[in-house]
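Here the structure is laid out as structure tokens; the discussion comes afterwards.
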Amino acid sequence: MTDTLIVLALLAVAACATGAVLTPDPARQAVVLSVLGLSLALLFTVLQAPDVALSQLGVGTAVTPLLILLTVRKVRRSPRRGGDQEPGA
Amino acid sequence: MGPPPPTVALPGTAQLPLAVALPGTAQLLPLAVAVPLLGAVLLVVAGRWLPRPARDALTMVCAAAELACLALLWARTDDGRAVSWMGGWGPPGGSPAHGSQSVGIVLVADRLGIGMALLVTVLTVAVLAYSWRYFDEPVGEHGGVFPALLLLFAAGMCGFALTGDLFDAFVFFELMGAVAYALTGYRIEDPRPLHGALAFGIVNSLAAYGSLLGIGLLYARTGQLGLAQLGQALDTRPPDLLVVCGFVLVLAGPLVKAAAAPFHFWLPDAHAVAPSPVCMLLSGVMVELGVYGTARIYWVAFAGPGGVPAHAFRDTVLVLGAVTALTGAVMCWQQRHLKRMLAFSTIGHIGLFLVGVALLTPEGLVGTAVYVAGHAGVKAALFGLCGLLLDQYGSVDEHGLHGRARELALPGALFAVGGLALAGLPPFGTGLGKSLAEEAGGRYLPGLLPALFVVVSAVTGGAVLRAWLRVFRGAGPTPGDRPGEPETSGEGEEPEVHSPSRRLPAPLTAVPAALLLGALVIGAAPSVGRQLAQAARLFTDRVGYLAAAYQGPVPPAPQPVPASDWTVSGALLGLLSAALAVALALLAVHFVHRGPGAALNRRLVLPLRRLHSGLVGDYVTWLAVGLAALLVAFVAQR
Amino acid sequence: MSVFPYLVAGWVLLAGIYGLATSRDLIQSVGCLAVAQSSTYVLLLAVGYRRGATAPVFADLPVGAPVVDPVVQALALTDVVVGATVTALLLALVIQLRKRHGTVDPERLTGLRG
Amino acid sequence: MSRRVRLLLLAGAGLVIAVVFAAGCAELPPFGSPDHPYGERAVAAALARHTANVVSSVNFDQRAFDTLGEESILFASVLGTVIVLRPARDEDRQEPEPARVLPSTRLFGALLLPVTLLTGGYLVAHGQLSPGGGFQGGVVLATGLHLAYVAADYLALRQVRPLAVLDVADALAAGAFSVLGLVGLVAGAAFLSNTLPLGTFNTLSSGGLVPVINAVVGVEVASGVIVLLAQFLDQAVEVVDR
Amino acid sequence: MRHQIALALLTAGTAALVLAGLAVLRLPPPFLRLHALSLASTLGAPLVVLALAVQTGPGRGAVKLLVIGSLLAVGGTVTTMAVGRTTVRRERPGLLRGNQR
Amino acid sequence: MNAWLLAAAALLVGTIGPAIAVALHGPSHRRLVGADLAGTGMPVVFLLLAQGYSRTSYQDLALILAVLAPAGTLVFTRFLAGERG
């Protein structure tokens, strides 16, 4: 059973990581990265590393995506390249 | 259960009578890291209130304390090693038999490691003196941040040089990396520094993560993180693919830091654009620490029977070094952006250092050590002089500055001397190092390796002399632009200081002069070479390192102390490369349009220049290609 | 199963490298760098795992119970901090770069070449 | 280098790396193997020092020097970010407008803010007993503070965030770590040695130096991350080109 | 007996959460997906938490679980509303003309 | 093998899996639905794991996530809505 859980968590991590690098738009990537952070935290928990999982929750799901989002917002709001919205939105 | 018996590590060396007042040898090691850290904190806290002179003085005091600490350490270690277990977590019971049973981090300093740390600190002091009146630094809230970052940089580099633990080395690697990215992007008003800093940051971080993966693999195999413990544990079974894979991955970080081709692309981008005082540190010592790290990791952990075979390391790194040296030299010759030219010349010399290390002999190592020390002085002086040009004319473009710096007599003379010293003119340290390394290389590949040394140092020195002739002497016609070719011009730089009409500040000339003098002393004073020769012998003594890290009695080093004196052939070769450099420079300046090499240029040089595209994606690709090539090379020679 | 976790770590690293090499947006590059870094966590913690063991926290555990390797966890913890701060620094550089260059597309940054 | 060439090179290199890495992994001890010599030693050492959370013991006692380096990286990155994002000569600050927020969001944020701060404090305080510690708690504290931004707006956040104080706190905490190391030297032991009384196993004050370093790290991480996020928020919300 | 109740609650909660997951996956219209979200946070998660609390029995542990459960329910509801608002703005800008900028 | 771990595995397949799948496709606000679902489902998984491994201290993970995940989602909705402030 524990092995099944570990395999599931590993698959989630691999899927999210692959999805994150294949997402060219940074705002969308930020969403995927936050899910990647969650999957990593899950993996760490099933690997019996709650300490690392906790910091991953803080960093991976909150701080890093927030920083990326703030950067995206700053970059998109700068006036020198007006009207540059998220493609497909 | 009670607390374990205190396992306080005591130094293996005799205590001087002074030791009552001064910290013990083992205590000096962590102090060398803690002093600049504390200094940085002080500066950040006090910097917002202190006026600039007080801040500069405080910075100097911290750097001087660090210097004193390391000098004391150098004096105390003599022909031995200082060992310090952090937190007192040494081998249980302090017994060497349990050396592999410790849980802590060990700092191990021999004179090469201390020497690197000393070099870091001396250059930091020089940089602080240089930037005394250099920047218009931000005031108020951000006051003191620049010197604080410099001190943190020094702490990171010293920690990396002194640590005897692989993961700890990674941490300090990242510390110097993070500070270096910030310092490179320091001039935010100019777009190019930010571009260069970003390429630097991404490529270096990626390589560091590669290193960490390697550390993970090696930990899984051995259950150790200390270099000595790791080496001993690896020796318990024959090497396999895992060891090769771990070795190459671990080396990714140091080799990228050392800018070995094809991991070097970030370096010219970063060094061309970083503030000149920062370039002095980056080119003078940080890049060399990559070579140092490579050598240390190989020697302690992988030189045993369970590691990587010596012939594999020697041949692979020799090729790597030669490719790096040639790439650096060719690209250096092509530059008109003076700082970028110096950056490529650093790559050329790094290639030579790698060749010297790859010989795996104390002779090659002492040559490299002297060369590194001399090169640090010369290269830092040249970057300082470029900063002076930037300060006075707002440009570092060889073509744009043509003849404009005629009135700067003393800086001009220093620049010329720097070029000659870079080419290996005796009796500069660069010349002595080159001669020693040539001799050691000649014993392995007669003719070929000495020729490599002569050619690379002549071309890089020649490029500097060419720039000197044009910028400071106004010689020859002004070269035209080369349309359609990839090129970085040095014009339109945001000046680093915003009062260009002022008088030339004295430190901008005095510091380069002092640095050149230092490079001269390294070559001319025989005691420097002799001490480094002893240090090199100690460095190559793996058994001794392991014993010292385990706090056991250290057997005397088996090899004899390598020679470290000038030889006639070495001096002649130094003169030859200096003469070649002068000839190349004169040819380039006066016969600029009549080159027979136009076809060669189009076929070979232009594609090479195109590869330096400034694209992070390309650089990452080359990083992967380089790693794959190293893997193939080491697997094939297993 | 005996090597699958290690292979996932390798896969994540290669995915990160691929993302970095093909990225057309520097913010996205920094995200890819974070992905590449997560491979190190996966490898370290996989190395430290021990079947049938639990977390090395003895507050609610009898002394002597089998636990997984605490050292790699400490290393991974250090690594997480390092990664987050370096990401922040790189993103700060991207912001300034955008201000000065007007673009975050690496292909349009042509100031440094040759 | 064209995109095609780059991809081809990358594919080739990736293939080689993948093959060698996989072959190397095959030589590793199989996943989940019971053999962890360093881990065993670390567990014994932590128990001997009365620290229930062995990871905290490794981070703050046995390998505290790593953590010193790590905190310096944090400190340096915060400094670097502050200096890179410092206001340039051609930029202005613009007072942000109050934002419109759903009433449910506002209420939720106001409720959650104290809960988050409490949770963060709890995580820091229990670092040597249960999973968590200075780093994790610090991040939660810092993120929690930004709930004020989510729930109300930037103006509200600025009122609960004494940035200058946090700036200094970050630096002082970084310095305190080194000073704690020096305490060992002054006491005649090694750098960063655990010279404090070890206390009773499984209580808040057990572990000697561990809870102290833990608290210092908590302060540094919390203030550092807040300053870091503040820089980015400033950029995203306040700073405009002139 | 307590264990049986816990298992029953667990089964129900898990079923609700899985149903929500499948619904999010299978329902193409974005607004219907939001219903699935609220199913997860207001029914699935609290049921599972309740199961755990029943299994733990009265005491501090159960209180902590219930606190977490209520946080989940409240947080899930609030975020669902916020996600809903964003979805509306992006997909049907006309619906919320008053809030448009 | 116990019921709690079994339920956790079921949630991973039935809830987290679809959440990841949704988070990997479409424009940001649709991905957000997946992220939100993962943010709701994952704390439950953590609680189940804590019970299944008989380690109550793992519950802190769920607590932290229950506090942080809504904050993260709210930040996303705020920025993706394209409003200022």
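For this structure, a couple of remarks:
- Residue satisfying all of: in the stretch B:546-578; surrounded by fewer than 17 Cβ atoms within 10 Å (Cβ to Cβ) and free of Cβ contacts under 8 Å to residues at least 24 places away in the same chain; farthest from B:Ala535 (Cα to Cα) among these: B:Leu572
Residue-wise test of (1) over 30 Å from D:Tyr154 (Cβ atoms); (2) open to solvent by less than 10 Å² (accessible area, probe 1.4 Å); (3) not in a helix (DSSP H, G or I).
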position	(1), (2), (3)
D:Ser178	yes, yes, no
D:Phe191	yes, yes, yes
D:Gly207	yes, yes, yes
D:Val219	no, no, no
D:Gly224	no, yes, no
D:Leu233	no, yes, no
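- Every residue from the stretch B:44-55 that is part of a helix (DSSP H, G or I) and either surrounded by fewer than 20 Cβ atoms within 10 Å (Cβ to Cβ) or free of Cβ contacts under 8 Å to residues at least 12 places away in the same chain (or both): B:Val45, B:Ala46, B:Arg52, B:Pro53, B:Ala54
- Within the set B:Ala155, B:Ala208, the sole residue that is more than 8 Å from chain D (Cβ to nearest Cβ) and either under 20 Å from the mean Cα position of the chain (by Cα) or open to solvent by less than 10 Å² (accessible area, probe 1.4 Å) (or both) turns out to be B:Ala208.
- Residue match in the stretch D:42-62 (condition: under 29 Å from C:Ile95 (Cα atoms), of a type in the set (A, V, I, L, M) and in contact with an Asp or Glu (Cβ under 8 Å, 6 or more places away or on another chain)): no
- When residues of the stretch D:205-229 are limited to those that are more than 21 Å from the chain's Cα centre (by Cα) and either acidic (Asp, Glu) or at negative phi (or both), the one farthest from the other protein chains (Cβ to nearest Cβ): D:Ser205
- All positions within the stretch D:5-56 that are surrounded by fewer than 24 Cβ atoms within 10 Å (Cβ to Cβ) and hydroxyl-bearing (Ser, Thr, Tyr): D:Ser33
- Qualifying positions in the stretch D:111-130 - over 18 Å from D:His50 (Cβ atoms) and in contact with a Pro (Cβ under 9 Å, 6 or more places away or on another chain): D:Leu112, D:Leu123
- Wholly within chain F, helices (runs of 4 or more DSSP H) carrying at least 1 residues that are within 8 Å of chain E (Cβ to nearest Cβ), over 18 Å from E:Ala16 (Cβ atoms) and open to solvent by 20 Å² or more (accessible area, probe 1.4 Å): F:17-23, F:28-52, F:59-80
- Matching residues in the stretch C:35-72 - criterion: being aromatic (Phe, Trp, Tyr) and either in a helix (DSSP H, G or I) or open to solvent by 10 Å² or more (accessible area, probe 1.4 Å) (or both): C:Tyr41, C:Phe58
- Of all residues in the stretch C:73-114, those being more than 7 Å from chain B (Cβ to nearest Cβ) and in a loop (DSSP other than H, G, I, E, B) number 4.
- Test: residue in the stretch B:577-586 that is closer than 16 Å to B:Gly429 by Cβ and among the small types (Gly, Ala, Ser): yes
- Filtering the stretch D:193-202 to residues that are in contact (Cβ under 8 Å) with a residue 24 or more places away in the chain and open to solvent by 30 Å² or more (accessible area, probe 1.4 Å) leaves D:Gly199, D:Thr200, D:Phe201, D:Asn202.
- Taking the numbered list (1) in contact with a Lys or Arg (Cβ under 7 Å, 6 or more places away or on another chain); (2) at the interface with chain C (Cβ under 8 Å from one of its Cβ atoms); (3) assigned to a helix (DSSP H, G or I) in turn, A:Pro24 passes all entries but (3).
- Number of the condition not met by D:Val150 [criteria: (1) open to solvent by 20 Å² or more (accessible area, probe 1.4 Å); (2) among the β-branched types (Val, Ile, Thr); (3) within 14 Å of chain A (Cβ to nearest Cβ)]: (1)
- From the options B:Ala381, B:Ala373, residue that is open to solvent by less than 10 Å² (accessible area, probe 1.4 Å), touching a residue at least 12 places away in the same chain (Cβ under 8 Å) and under 22 Å from the mean Cα position of the chain (by Cα): B:Ala381
- Output for the stretch B:186-205, where each listed residue is part of a helix (DSSP H, G or I) and open to solvent by 10 Å² or more (accessible area, probe 1.4 Å): B:Pro191, B:Arg192
- C:Arg24 falls short on exactly one of the conditions (1) open to solvent by 10 Å² or more (accessible area, probe 1.4 Å); (2) closer than 29 Å to D:Val78 by Cα; (3) assigned to a helix (DSSP H, G or I), and that condition is (3).
- Members of the stretch D:158-176 that are among the charged types (D, E, K, R) and either within 9 Å of chain B (Cβ to nearest Cβ) or open to solvent by less than 30 Å² (accessible area, probe 1.4 Å) (or both): D:Arg161, D:Asp167, D:Asp170
- Put simply, of B:Gly93, B:Gly87 the only residue that is open to solvent by 10 Å² or more (accessible area, probe 1.4 Å) and either in a helix (DSSP H, G or I) or not charged (D, E, K, R) (or both) is B:Gly93.
- Those helices (runs of 4 or more DSSP H) lying entirely in the stretch B:214-325 with at least 1 residues at pLDDT below 95: B:227-234, B:241-258, B:266-273, B:276-281
- Residues in the stretch D:1-48 that are modelled with pLDDT of 90 or more and of a type in the set (D, E, K, R): D:Arg4, D:Arg6, D:Glu27, D:Glu40, D:Arg41.
- Options B:Ala301, B:Ala322; residue that is open to solvent by less than 10 Å² (accessible area, probe 1.4 Å) and more than 13 Å from the chain's Cα centre (by Cα): B:Ala301
The values are calculated or read from the model by the stated rules, or taken from the named source; none is laboratory data. This one's a predicted model, so the numbers in the text were calculated from it and none came from an experiment. All Cβ positions, even for glycine, are placed from backbone atoms using ideal geometry, and neighbour counts span all protein chains on display. The area values use the complete protein model at the heavy-atom level, side chains included, leaving out ligands, DNA and RNA. Shrake-Rupley method; radii C 1.70, N 1.55, O 1.52, S 1.80 Å.
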